Amino acid sequence: MLSAVTDLGSIESTVSKNLPVVSIHQLGLCLSRASASVLNLNCSLILLPMCRTLLAYLRGSQKVPSRRTRRLLDKSRTFHITCGVTICIFSGVHVAAHLVNALNFSVNYSEDFVELNAARYRDEDPRKLLFTTVPGLTGVCMVVVLFLMITASTYAIRVSNYDIFWYTHNLFFVFYMLLTLHVSGGLLKYQTNLDTHPPGCISLNRTSSQNISLPEYFSEHFHEPFPEGFSKPAEFTQHKFVKICMEEPRFQANFPQTWLWISGPLCLYCAERLYRYIRSNKPVTIISVISHPSDVMEIRMVKENFKARPGQYITLHCPSVSALENHPFTLTMCPTETKATFGVHLKIVGDWTERFRDLLLPPSSQDSEILPFIQSRNYPKLYIDGPFGSPFEESLNYEVSLCVAGGIGVTPFASILNTLLDDWKPYKLRRLYFIWVCRDIQSFRWFADLLCMLHNKFWQENRPDYVNIQLYLSQTDGIQKIIGEKYHALNSRLFIGRPRWKLLFDEIAKYNRGKTVGVFCCGPNSLSKTLHKLSNQNNSYGTRFEYNKESFS
Amino acid sequence: MGQIEWAMWANEQALASGLILITGGIVATAGRFTQWYFGAYSIVAGVFVCLLEYPRGKRKKGSTMERWGQKYMTAVVKLFGPFTRNYYVRAVLHLLLSVPAGFLLATILGTACLAIASGIYLLCPAGGCAWRAVDAHRAQAPGAA
C-alpha cells in the first residue's frame with residue numbers, strides 16, 4: 001500500500017509537469033500506475049517464500065540466530081497467500097483503470113503530441129486498442145491466467161482436489177512471461193528535453209525564437225497592462241515569468257521498471273528449481289519396507305550425500321505410480337554420522353499411496369511384518385526431493401517442549417525422538433512432554449519400540465524426567481487395553497479418553513515455572529486450535545507457552 | 001489423476017465470473033459509456049449466475065465443504081430439478097448468458113471467464129456427475145483423535 005501511495009504522489013507531480021499528458025489520462029492513469037507499482041512489488045515478493053531449499057538453509061544456518069526470525073519462516077505460506085490475494089485485488093483495480101484509460105485514449109486523442117497517444121487515430125474503438133496492442137493483448141491473457149490460477153487455489157479446491165490446484169498453479173510461469181512482454185510496449189513516455197522545452201513554455205510558431213525581444217512579444221500578444229512593479233524588461237526577465245521554447249518536445253519510453261523488480265526473485269526461484277531437479281535426479285536405494293498395523297507402511301532407504309535435520313520433510317516421486325505427482329512425507333528417521341539410513345512412515349489414504357503400497361508390498365505378503373531382502377530387486381525407482389524445513393525443528397531448541405501428536409501426526413516427533421535416542425546432549429532441550437492421541441490401540445505399535453528404548457535409556461542415564469510420555473486412546477470399544485505384553489512402560493502411561501488440556505497445561509506450567517515452553521502440534525485442525533488458544537492464555541506460574549504453528553494445506 | 005472433479009472447479013470459476021460480470025456492469029453503467037444497457041444486463045446476469053452457483057454440490061467421495069449460508073439457496077436450486085442438476089444444461093446456459101456481455105469493453109472479461117467456466121463444466125463425464133444437494137443432516141465429521 002505504501003508503494004501505491006508514494007507512487008501516486010510522484011505520478012501526480014510528474015503529471016502536472018507534463019501538462020499534455022493530463023488531458024489524455026487524468027485519474028485513470030494515476031490509478032493504473034499506482035496499482036501497477038503495487039503489483040510490481042507483490043509479483044516479486046510472492047516468489048520468495050516458495051524457495052523452500054533456501055528457507056530450509058536459512059532455518060538451519062548460524063546466520064539466523066534469533067528464534068523470533070526463525071518463527072517468521074513458519075509463516076512463509078501465509079505470506080505467499082497474502083501476496084496472491086493482493087495481486088488479485090490490485091489487478092482488478094489495474095484492469096478497471098486501464099479500461100477507462102482505453103476509452104480516454106481514443107476519445108481524447110491529442111493532435112499536438114502525437115507520440116504520446118496510444119490510439120492511432122481519434123475515436124479508435126477501444127476494443128481494438130485492447131486486442132491489437134502488445135500491452136493490451138498480454139494484459140488480457142494475464143487476466144485469464146490469473147483467473148484460472150485463483151479459482152483453483154481456493155481452500156475448498158486445495159483440500160478436495162489438490163491436483164487441480166497444483167497443475168494450474170504451474171501456469172505462473174506463463175504469467176511471468178506475459179508480464180515481461182506486457183511492460184515492454186513502451187506506452188508511457190517521458191520527455192527527454194525538459195531544459196529546452198520546459199512545460200508551460202510558449203512556442204513561437206514562425207521563426208526561431210531567440211531573436212525576438214521580450215517586450216515586443218508581450219505587446220503583440222498581451223493587451224492588458226504590465227502588472228505593477230514590472231515596468232522594466234530587465235526586471236521582467238529576471239523573474240522568469242515566461243519561458244520560450246527552444247525546440248519541439250521529444251519523448252522517450254520509460255524503462256520498464258517491472259523487469260528490475262521481477263528479475264531477481266525469478267532468477268532465484270529458477271536457480272532453486274534447477275538445484276532441486278539436479279539433486280533429486282538420482283534415485284534412492286530402498287533398504288527395507290515394513291508393514292505396520294492400521295494401514296501404515298515404513299520405508300527405509302539410503303541416498304548419497306543426503307543430510308537432514310529432525311523434523312524436516314521430503315517429497316516422494318515414484319514414476320511407476322504416477323508420472324507427475326509428488327507427495328510430502330515427514331522423515332521419521334534422519335541419517336546420522338554413524339548410520340546413513342533414513343525413513344518415512346506413510347499412512348495408506350488415497351489412490352497414490354494405495355498404488356505405491358501395491359508396488360512395494362505384493363498383496364500376498366501384506367500381512368507379514370518384514371519383507372525378505374530378496375524382493376529388493378523388484379522395488380520401483382523412487383526419487384526424493386528435499387529435505388525441507390518445518391516448525392517442528394525448533395522443538396530441540398527450547399529448554400522445555402510440549403509435543404502433541406494426533407494419529408499419524410506423530411511422524412515429525414518420531415524423528416526428534418530418534419535423534420534424542422542417538423545423542424541428546426548437544427541440544428538445548430532438557431525436558432520433553434510427549435502426548436500422543438490415537439483412535440486405535442494398534443497405532444501405538446508404530447513407535448512402541450522407539451518409545452520404550454528411549455524411556456529405558458533415560459532411566460539408565462539417571463534422567464528419568466527428560467521424556468514424559470502420555471498416550472491417549474480417544475475411542476475405545478472396551479476390548480483391548482494394552483499395547484503389547486513387552487511394553488510395560490507404555491502400558492502404564494496409557495489413558496483412555498481424550499486428554500484434558502487445561503489440566504495438562506497447568507501441570508506443565510507448575511513444574512516449569514518462569515520458563516518458556518515450546519508447544520508443537522501435528523494433528524487435526526481442531527486440536528491445533530485448542531492448543532493455540534491455551535498457549536496464549538496466562539497462568540499464575542509465570543510460564544510462557546509459545547505455540548509453533550505448522551500449516552498443511 | 002482420473003479422479004479429478006472438474007465440476008468443483010467450474011463452480012468456483014462460475015461464481016468468480018459472476019462477480020466479475022457484476023463489477024464490469026457497475027463500471028459500465030456508472031460511467032454511462034455508450035451502450036450502457038449492456039452493463040445493466042451484465043449486472044443482472046452476474047447476480048443470477050452467483051445465486052445459481054452459490055450452493056456447492058455434493059462431492060462424489062468425501063465430505064463437501066459448504067459455503068456459509070448455502071442451505072437457503074440449496075432449497076431454491078433444488079426446485080428446478082433437472083435444469084439445475086445437469087451440468088451440461090449449466091454449461092449451455094452459461095455460454096448463452098456470457099455472449100451479450102461481450103459487446104461492451106467493461107464486461108468483456110466477464111464473458112471470457114464465464115465462457116471458460118462453461119467449458120470446464122463440459123469436462124464432466126456424462127451421467128457421472130450431477131449437482132446433488134448437500135443434505136441438512138450431515139454425516140458425523142471425521143473427529144479429532
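The values are calculated or read from the model by the stated rules, or taken from the named source; none is laboratory data. These figures come from a predicted structure and were not determined experimentally. For neighbour counting, all protein chains shown are included, and Cβ atoms are generated from backbone atoms with ideal geometry for every residue, glycine included.
Counting only residues that are surrounded by 17 or more Cβ atoms within 10 Å (Cβ to Cβ) and in a helix (DSSP H, G or I), which one in the stretch A:511-528 is farthest from the chain's Cα centre (by Cα)?
A:527
Yes/no per residue for (1) farther than 30 Å from residue A:163 by Cβ; (2) buried (at least 20 other Cβ atoms within 10 Å of the Cβ); (3) not assigned by the TED database to the domain that holds residue A:356:
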residue	(1), (2), (3)
A:302	yes, no, no
A:312	no, yes, no
A:323	no, no, no
A:327	no, no, no
A:338	yes, no, no
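Residue A:398 - would you say it is buried (at least 20 other Cβ atoms within 10 Å of the Cβ) and either away from every other protein chain (no Cβ under 14 Å) or in contact with a Gly (Cβ under 7 Å, 6 or more places away or on another chain) (or both)?
Spelling it out, residue A:398 is indeed buried (at least 20 other Cβ atoms within 10 Å of the Cβ) and either away from every other protein chain (no Cβ under 14 Å) or in contact with a Gly (Cβ under 7 Å, 6 or more places away or on another chain) (or both).
Would you mind finding the one in A:342, A:373, A:392, A:388 that is over 29 Å from residue B:61 (Cβ atoms), at pLDDT 90 or above and either out of contact with any Leu (no Cβ under 9 Å at 6 or more places or on another chain) or polar (S, T, N, Q) (or both)?
Being over 29 Å from residue B:61 (Cβ atoms), at pLDDT 90 or above and either out of contact with any Leu (no Cβ under 9 Å at 6 or more places or on another chain) or polar (S, T, N, Q) (or both) holds for just one of A:342, A:373, A:392, A:388, which is A:392.
Check residue B:83 against each of (1) free of Cβ contacts under 8 Å to residues at least 60 places away in the same chain; (2) assigned to a loop (DSSP other than H, G, I, E, B) and name the one condition it does not meet.
The failed condition is (2).
If the requirement is being within 14 Å of another protein chain (Cβ to nearest Cβ) and on the phi < 0 side of the Ramachandran plot, which of these qualifies: A:319, A:335?
Exactly one of A:319, A:335 is within 14 Å of another protein chain (Cβ to nearest Cβ) and on the phi < 0 side of the Ramachandran plot, namely A:319.
What's the number of the only condition in (1) in a loop (DSSP other than H, G, I, E, B); (2) within 30 Å of residue A:98 (Cα to Cα) that residue B:59 fails to meet?
Of (1) in a loop (DSSP other than H, G, I, E, B); (2) within 30 Å of residue A:98 (Cα to Cα), only one is false for residue B:59: (2).
Of all residues being buried (at least 17 other Cβ atoms within 10 Å of the Cβ) and among the β-branched types (Val, Ile, Thr) in the stretch A:461-499, which is farthest from the chain's Cα centre (by Cα)? Just the residue, please.
Ranking the qualifying residues of the stretch A:461-499, first place goes to A:483.
Output the residues belonging to the stretch A:151-172 that are in contact with a Ser or Thr (Cβ under 9 Å, 6 or more places away or on another chain) and either farther than 23 Å from residue B:64 by Cβ or at the interface with chain B (Cβ under 10 Å from one of its Cβ atoms) (or both).
A:151, A:152, A:153, A:155, A:156, A:157, A:159, A:160, A:162, A:165, A:168
Can you name every residue in the stretch A:429-445 that is more than 14 Å from every other protein chain (Cβ to nearest Cβ) and buried (at least 17 other Cβ atoms within 10 Å of the Cβ)?
Once the filter is applied, which keeps residues that are more than 14 Å from every other protein chain (Cβ to nearest Cβ) and buried (at least 17 other Cβ atoms within 10 Å of the Cβ), the stretch A:429-445 yields A:429, A:431, A:432, A:433, A:434, A:445.
Just wondering, is there one or more residues in the stretch B:12-27 that are in a helix (DSSP H, G or I), within 9 Å of chain A (Cβ to nearest Cβ) and surrounded by fewer than 16 Cβ atoms within 10 Å (Cβ to Cβ)?
No, the stretch B:12-27 contains no residue that is in a helix (DSSP H, G or I), within 9 Å of chain A (Cβ to nearest Cβ) and surrounded by fewer than 16 Cβ atoms within 10 Å (Cβ to Cβ).
Consider residue B:56 carefully, then state whether it is charged (D, E, K, R), under 20 Å from residue B:116 (Cβ atoms) and facing another protein chain (nearest Cβ under 10 Å).
Against the criterion (charged (D, E, K, R), under 20 Å from residue B:116 (Cβ atoms) and facing another protein chain (nearest Cβ under 10 Å)), residue B:56 qualifies.
If I filter the stretch B:30-59 down to residues being basic (Lys, Arg) and either exposed (fewer than 13 other Cβ atoms within 10 Å of the Cβ) or in contact with a Lys or Arg (Cβ under 7 Å, 6 or more places away or on another chain) (or both), which single residue comes out as nearest to residue B:13 (Cα to Cα)?
Taking the candidates together, the pick is B:56.
It is to be established whether one or more residues within the stretch A:47-66 are in contact with a Cys (Cβ under 6 Å, 6 or more places away or on another chain), outside any helix (DSSP H, G or I), at pLDDT 90 or above and away from chain B (no Cβ under 14 Å).
No: the stretch A:47-66 contains no residue that is in contact with a Cys (Cβ under 6 Å, 6 or more places away or on another chain), outside any helix (DSSP H, G or I), at pLDDT 90 or above and away from chain B (no Cβ under 14 Å).
Scan the stretch A:510-553 residue by residue and report those that are in contact with a Gly (Cβ under 7 Å, 6 or more places away or on another chain) and among the aliphatic types (A, V, I, L, M).
The one that is in contact with a Gly (Cβ under 7 Å, 6 or more places away or on another chain) and among the aliphatic types (A, V, I, L, M): A:527.
Answer with yes or no whether residue B:53 is among the acidic types (Asp, Glu) and in contact (Cβ under 8 Å) with a residue 24 or more places away in the chain.
yes
Among the residues of the stretch A:129-139, which ones are surrounded by fewer than 17 Cβ atoms within 10 Å (Cβ to Cβ) and either facing chain B (nearest Cβ under 10 Å) or touching a residue at least 24 places away in the same chain (Cβ under 8 Å) (or both)?
Listed by number, the residues that qualify are A:131, A:134.
Return yes when residue A:97 is out of contact with any Gly (no Cβ under 7 Å at 6 or more places or on another chain), crowded, with 19+ Cβ neighbours inside 10 Å and aliphatic (A, V, I, L, M) and no when it is not.
no
Out of A:471, A:490, A:531, report the one residue that is assigned to a helix (DSSP H, G or I), within 14 Å of another protein chain (Cβ to nearest Cβ), touching a residue at least 12 places away in the same chain (Cβ under 8 Å) and within 19 Å of residue A:434 (Cβ to Cβ).
Step by step, each of A:471, A:490, A:531 is checked, and only A:531 is assigned to a helix (DSSP H, G or I), within 14 Å of another protein chain (Cβ to nearest Cβ), touching a residue at least 12 places away in the same chain (Cβ under 8 Å) and within 19 Å of residue A:434 (Cβ to Cβ).
Being surrounded by 19 or more Cβ atoms within 10 Å (Cβ to Cβ), in a helix (DSSP H, G or I) and either of a type in the set (Phe, Trp, Tyr) or over 32 Å from the mean Cα position of the chain (by Cα) (or both): is that true of residue A:458 here?
no
Counting only residues that are facing another protein chain (nearest Cβ under 10 Å), free of Cβ contacts under 8 Å to residues at least 40 places away in the same chain and either more than 25 Å from residue A:100 (Cβ to Cβ) or of a type in the set (Lys, Arg) (or both), how many does the stretch B:102-131 have?
0
With the checklist (1) within 14 Å of chain A (Cβ to nearest Cβ); (2) exposed (fewer than 14 other Cβ atoms within 10 Å of the Cβ); (3) at pLDDT 80 or above in hand, flag the one item residue B:99 doesn't pass.
That leaves (1) as the condition not met.
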